[in-house]
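The values are calculated or read from the model by the stated rules, or taken from the named source; none is laboratory data. All of these numbers come straight from a predicted model, not from anything done at the bench. Please note: Cβ atoms are built from the backbone with ideal geometry, for glycine as well, and neighbour counts cover all protein chains shown.
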Amino acid sequence: MNAEEDVNVEVHRTLIAYARNEPVIQIVIGAAIIAISREIISFRIDEFETATDALTAAAGFGILLIGLVIAYFVVRYVEDADSGYEQ
């Protein structure tokens, strides 16, 4: 599955959730986690002019991924608490 197909699947999932009055934030954050993970997997140091540039980009990706994962679990916890369902 290529990136365009991934985007189409995520847009489809979001539209279905929206039509069913289900929360879509968790789906959107999940799609963002997938997108950042793909960027991390395809990260190439030789595409940067200096090692400092590469390290800065890698740190940025790492911070962004950690932030998205935290946001995902916070949203999931809040949505579960709002629905009265606790895991």
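Observations, loosely collected:
- Any chance Ala58 is in contact (Cβ under 8 Å) with a residue 12 or more places away in the chain and either part of a helix (DSSP H, G or I) or acidic (Asp, Glu) (or both): yes
- Residues (surrounded by 13 or more Cβ atoms within 10 Å (Cβ to Cβ) and farther than 25 Å from Ala17 by Cβ) located in the stretch 41-84: Phe43, Phe48, Ala54, Ala57, Ala58, Phe61
- Answer from Ser42, Ser37 - the residue that is within 12 Å of the chain's Cα centre (by Cα), among the polar types (S, T, N, Q) and at pLDDT 90 or above: Ser37
- Only one of the listed residues (Ile16, Ile27) is under 17 Å from the mean Cα position of the chain (by Cα) and among the β-branched types (Val, Ile, Thr). That residue is Ile27.
- The number of residues in the stretch 6-29 being part of a helix (DSSP H, G or I) and not hydrophobic (A, V, I, L, M, F, W, C) comes to 8.
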